[in-house]
């Protein structure tokens, strides 16, 4: 009798994850960034938006650890507050993308036939569009707001998740436990939600971690172009943009927020890879 591959027990998953130094590094980095974002009001040494023209473009030192920008604002404080904005946008956009991807992939993979053909052609169309160009056009037409930024990033980055979920539903829908549930008269929605979906939780979790990193990078790119988060609200992207005219004389204005973009994306990728290895019993860490 054909049965689904049982998910690894939690202890085994945790054990494999704990033995992966890269995954632990990613998790620790994300924990540090998240804590910094949540406690920004406490840990930031200065108010992020108060200008002091007497301290314009001060180099990093004891008074201003990350230096100051062209308006005399403390770069460290603005970078800490920007982490709250950038991480929030990343998580919300990833939630939209993964939710859309799970719905499309589940319906497509479970029902097959014309729903599968239609949804996969739509997926191919979204993948064929230059996503960054679509985001730029949308934000230029409707205005660069945080809500619009989250929506456009989430609405254009769901196809990879949809394809992963579809593949899992295609694999699982023919197994005996699904056939038995269908034979007992279980509704289709119950089969999809109670019998198949729990077996692909690992795929969804991994997809979320990877989508967050992609979303943070997209926000930083759009904000750098002036189409993302608008001043005085700070994000890592617009902080990097603030220093682009001073790269030779005041490199620190762009370097430190840009470094956090790199660290956060790297950390989410390391975490996603570590979770993939931990959930897969065939992987040896």
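Computed from the coordinates by the stated procedures, all read-outs in this text should not be read as laboratory data. Model, not experiment: these values are computed from the prediction. When we count neighbours, we look across all protein chains shown, and the Cβ atoms used for this are built from the backbone with ideal geometry, even at glycine.
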Against the longest alpha carbon principal axis of the chain, how many degrees, from 0 to 90 and to the nearest 10, is the axis of helix 159-172 turned? 20
Once every DSSP H run of n ≥ 4 in the chain is given -39500 (n - 2.57) and the sum is divided by its residues, what mean residue ellipticity at 222 nm do you get, rounded to the nearest 500 deg cm²/dmol? -22000 deg cm²/dmol
Cβ-based exposure ranking for 235, 264, 249, in which fewest neighbours within 10 Å come first: 249, 264, 235
So the pair-distance distribution of the chain, from every Cα-Cα distance in 5 Å bins, comes to percents of 1, 6, 11, 13, 14, 13, 12, 10, 7, 5, 3, 2, 1, 1, 0, 0
Nearest 10 degrees, 0 to 90: helix 201-224 Cα axis against the chain principal axis: 30
Nearest 10 degrees, 0 to 90: what angle lies between the long axis of helix 75-111 and the longest principal axis of the chain (Cα atoms)? 20
In vacuum, with every alpha carbon of the range 153-216 counted as one equal point scatterer, what does the Debye formula give for log10 I(q)/I(0) at q = 0.16, 0.23, 0.30 Å⁻¹? Two decimals, please. -0.59, -0.93, -1.26
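Compute the length gained on full extension between residue 251 and residue 170: take 0.36 nm times their separation in residues and subtract their Cα-Cα distance, giving the result in nm to one decimal.
24.0 nm
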Hey, fewest Cβ within 10 Å first, where do 201, 253, 240 land in order? 201, 240, 253
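Would you please give the FRET efficiency between residue 34 and residue 128, computed as 1/(1 + (r/R0)^6) with r the Cβ-Cβ distance and R0 = 45 Å, to the nearest 0.05?
Values: r = 35 Å, r/R0 = 0.78.
Efficiency, rounded to the nearest 0.05: 0.80.
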What is the spin-label model distance, in nm, from residue 188 to residue 55 if the labels are put 7 Å beyond Cα along the C-beta direction? 6.3
So how many Å³ per residue does the convex hull of the Cα atoms of the range 23-89 work out to? 97
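Using a 10 Å cut-off around each Cβ, can you sort 122, 204 from fewest to most neighbouring Cβ atoms?
Fewest-to-most ranking of 122, 204: 122, 204.
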Given the Cα atoms of the range 61-110, and with Rh set as the inverse mean 1/r over their pairs in the Kirkwood sense, what is Rg to Rh to two decimals? 1.41
On the first, second and third principal axes, largest extent first, how far apart are the outermost C-alpha atoms of the range 49-149 in Å? 68, 26, 19
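Relative to the compact-globule scaling 2.2 N^0.38 Å, provide the ratio for the alpha-carbon radius of gyration of the range 142-285.
Working: Rg = 20.9 Å, N = 144, 2.2 N^0.38 = 14.5 Å.
Taking the Cα Rg and dividing by 2.2 N^0.38 Å, one obtains 1.43.
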